Amino acid sequence: MNPQAQSSDSISAELMVVMPAYNEEASVRKVVREFFGEIEHWTEKFVFLCLNDGSTDRTGEVLDRLREQLGPRLEVRHQANRGDRKSTRLNS
């Protein structure tokens, strides 16, 4: 069984990876690029969702630039800080 996820850009995905980020300006670029590259080895049908959990540094700006560079398979959402567990609940 392989449920398909739909990103906001209507990409049919076999895999969705969700990564919360809070004040990770110094490392988020490297981490996202490494994860993105590894996932691409397995499938091209994926969505990598980065949740900027109310960062007070430039994490959101870095993620937005990465989105422009990596394309629609990288989805970025900005939200008020909700903490570790709540930040990854997409519908709450």
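All of the numbers you see were taken from the coordinates with simple rules; none came from a lab. This structure is a prediction, so every number in the text was calculated from the model and none was measured. Every residue, glycine among them, receives a Cβ derived from its backbone with ideal geometry; neighbour counts consider all protein chains shown.
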Next on the checklist: On a full-extension model of 0.36 nm per residue, what is the gain between Ala26 and Gln79, subtracting their alpha-carbon distance, rounded to one decimal in nm?
Outcome noted: 17.1 nm
Checklist entry - Under a point spin-label approximation (7 Å from Cα along Cα-to-Cβ), what is the Ser12-Glu44 distance to one decimal in nm? => result 1.4
Checklist outcome for this item: Under 5 Å from the placed amide H of Met16, counting only residues 5+ away or on other chains, we find Val47
Checklist entry - At what distance in nm do the modelled label points of Glu34 and Leu70 sit from each other, each positioned 7 Å from its Cα along Cα→Cβ? => result 1.3
